[in-house]
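Structure record follows, encoded as structure tokens.
The values are calculated or read from the model by the stated rules, or taken from the named source; none is laboratory data. Only a predicted model underlies this, so the values are computations on that prediction, with no experimental measurement involved. Virtual Cβ from ideal backbone geometry, glycine too; neighbours counted across all protein chains shown.
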């Protein structure tokens, strides 16, 4: 069994994490991960970056934005690999948001089942295409863009 060196090249990180080198450079540019540079200006990543990348991918799979991921990662220690307590704290902080998303998806699923039988897909009344349309109260078209004299 081979051991990883303390610093990994971008190719090694890409191979181990399954994240493309272009994505690694993008994540670094966004501040999600960091690297050091060799005298030849080549990137070197600490092994702990593999855990951060696993976290980023898991967070994206559940629908979190990169801004949310960056905010969460900013709360983690930078001098050592995050531990179980760190990951548990982050997952708890997203629980309410994920529960709300699950609830919304279940409601969408239930409406979709009803809507398939209807087949209307009306832009005016369809709860699937036009859910919670508050602008309909102002009339057809683009009421916000109409001159005030035209609105009645």
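Inclusion of residue 99 among residues that are within 30 Å of residue 33 (Cα to Cα), at pLDDT 85 or above, exposed (fewer than 13 other Cβ atoms within 10 Å of the Cβ) and outside the structural domain of residue 56 (by TED's automatic domain parsing) is warranted.
What do you reckon, is residue 32 closer than 23 Å to residue 98 by Cβ and either modelled with pLDDT under 95 or not in a strand (DSSP E or B) (or both)? Answer is yes for this residue.
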